[in-house]
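Everything below concerns the one structure shown next.
The values are calculated or read from the model by the stated rules, or taken from the named source; none is laboratory data. Just so it is clear, the structure is predicted and the values come from calculations on it, not from any experiment. Every residue, glycine as well, gets a Cβ built from its backbone with ideal geometry; the counts of neighbours run over all protein chains shown. The accessibility values were calculated without ligands, DNA or RNA, using every heavy atom of the protein model including side chains. Shrake-Rupley method; radii C 1.70, N 1.55, O 1.52, S 1.80 Å.
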Amino acid sequence: MSMALKLARRALGRTSPNPAVGAVLVKDGKVVGEGYHHAAGEPHAEVEAIKAAGSDALGAELFVTLEPCNHHGRTPPCTEAILEAGIKSVYYGMDDPNPTVTGGGAKTLEAAGVQIWGHVAENRCRRINEIYVTNVTMKRPFVFLKLAMSLDGRIATRTGHSQWITSEQSRRKVHRLRDKVSAIMVGIGTILADNPALNTRLKGGRGRDPVRIVADSQLRTPLDARVFDSSTSAGVIVATKYNPPKDRLADLEKRGAKILRTRGTDSVDLNDLLYRLYSIGVTSLLIEGGANLAWAALKAKVVDRCQFFYAPIIIGGASAPSGVEGLGISRLEEAPRLEDVRSFRIGPDILLEGRVVYPNTRNDT
């Protein structure tokens, strides 16, 4: 199953709206076939592994990260391919949580005489498909909140100097995340202060640019902002309130921006925005700033995973901006908390990440 998970990771960020799935076929203690789902509309992992195994699939054991499908979508059911290949047993990691998918893959195979073992390394399989699980159960994009801070939680000095707090290694890590998400969002304050391009810059010009989103209730985004860079085909969305300034709306649309008006009367309604983004195919969203947008997303309980990069420096200063501002909580029991927390050394920096759990709620993905 570890091998199957490693295969599944190869296509992370490329299979949307489908899950990332890996499969391994074993016979007489030897791997005879392996495969993974490359993209929506292409063969599923089980079919790839069976094809690689050829005649060795007969009597083999299949290890797959997701219960084999039993429905006709863009491709035929994997259960049919498994039975035709003569596979004797199937070990799968997690059930498919999609309520619109006709389940029963395991039952169908078991009824046909295939030995079935389910929920093998289930937590690891769910972790790799946390985006997909959120998509199909909550009907919204999975949301990452990324911040780069000093040890004392500052994102800039009191004079506004912020480039660069974290190391080049951390920035490369962030660009690898950008390459895997559907969209990236910042607040209008970040656009006005830093004028970021919000593209993906990996070695050799590799990487996919996410859709750029600006949360901008007053439509103050400059028409010459770098997010409108014509060198990328990734679109620009300006998310705003219900009744934004009409004179600016037409100018931004002419510049190529898609305007998404949310239900908010004074600011962007993030819950409504996520619903609208999901309806146009955005399955994952990376929030990169600023501090007030970070608080608004946490307050709205839409952040699913935090990734905080800490540089080994201390900035200080009562007026230096922190990573999360806004009103904040009044009592500690109101605070969002992280579970399944992990830390990594990224060059000289420390990356702290975990799933967000809100008071009186629990994340089961």
If you check every pair at least six apart or on different chains, which have Cβ atoms under 9 Å apart with a residue in the stretch 24-37 that is touching a residue at least 60 places away in the same chain (Cβ under 8 Å) first and a residue that is in a loop (DSSP other than H, G, I, E, B) second? LEU25/ALA60; LEU25/ILE87
Tell me, yes or no, whether the stretch 204-213 has at least one residue that is loosely packed, with under 15 Cβ neighbours inside 10 Å and closer than 19 Å to ARG276 by Cα. no
Count - residues of the stretch 260-272 that are more than 7 Å from LYS241 (Cα to Cα), free of Cβ contacts under 8 Å to residues at least 24 places away in the same chain and either open to solvent by 30 Å² or more (accessible area, probe 1.4 Å) or assigned to a loop (DSSP other than H, G, I, E, B) (or both): 0
Could you tell me which numbered condition CYS69 fails, if it satisfies all but one of (1) assigned to a loop (DSSP other than H, G, I, E, B); (2) in contact (Cβ under 8 Å) with a residue 40 or more places away in the chain; (3) in contact with a helix residue (DSSP H, G or I) (Cβ under 7 Å, 6 or more places away or on another chain)? (2)
Residue selected from the stretch 72-98 under the condition assigned to a strand (DSSP E or B) and touching a residue at least 40 places away in the same chain (Cβ under 8 Å), by the criterion least open to solvent (accessible area, probe 1.4 Å): GLY93
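Look through the stretch 6-16, keep the residues that are of a type outside the set (S, T, N, Q) and under 15 Å from the mean Cα position of the chain (by Cα), and return whichever of them is surrounded by the fewest Cβ atoms within 10 Å (Cβ to Cβ). Walk me through how you get there before you give the answer.
Step one: of the stretch 6-16, the residues of a type outside the set (S, T, N, Q) are 6-14.
Narrowing further to those that are under 15 Å from the mean Cα position of the chain (by Cα): 8-14.
On the way: ALA8: 25, ARG9: 14, ARG10: 12, ALA11: 21, LEU12: 16, GLY13: 19, ARG14: 16.
Within the stretch 6-16, the match that is surrounded by the fewest Cβ atoms within 10 Å (Cβ to Cβ) is ARG10.
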I'm checking my understanding of the structure. Among residues of the stretch 310-365 that are among the β-branched types (Val, Ile, Thr) and free of Cβ contacts under 8 Å to residues at least 40 places away in the same chain, which one is least open to solvent (accessible area, probe 1.4 Å)? VAL357
Looking only at the stretch 273-290, which residues are in a helix (DSSP H, G or I) and either open to solvent by 10 Å² or more (accessible area, probe 1.4 Å) or of a type in the set (Ser, Thr, Tyr) (or both)? TYR275, ARG276, TYR278, SER279
Of those in the stretch 216-259 that are under 23 Å from the mean Cα position of the chain (by Cα) and assigned to a loop (DSSP other than H, G, I, E, B), the residue nearest to ARG201 (Cα to Cα) is THR232
Examine the stretch 43-53 for a residue that is within 25 Å of SER16 (Cβ to Cβ), in a strand (DSSP E or B), open to solvent by 40 Å² or more (accessible area, probe 1.4 Å) and modelled with pLDDT of 95 or more, and state whether such a residue exists. no
The correct count of residues that are open to solvent by less than 10 Å² (accessible area, probe 1.4 Å) and farther than 17 Å from ALA156 by Cα in the stretch 179-196 is 4
Restricting attention to the stretch 17-40, which residues are among the small types (Gly, Ala, Ser) and either surrounded by 21 or more Cβ atoms within 10 Å (Cβ to Cβ) or over 20 Å from the mean Cα position of the chain (by Cα) (or both)? ALA20, GLY22, ALA23, GLY29, GLY33, GLY35
Return the residues of the stretch 313-357 that are at pLDDT 95 or above and among the hydroxyl-bearing types (Ser, Thr, Tyr); say none if nothing qualifies. SER343
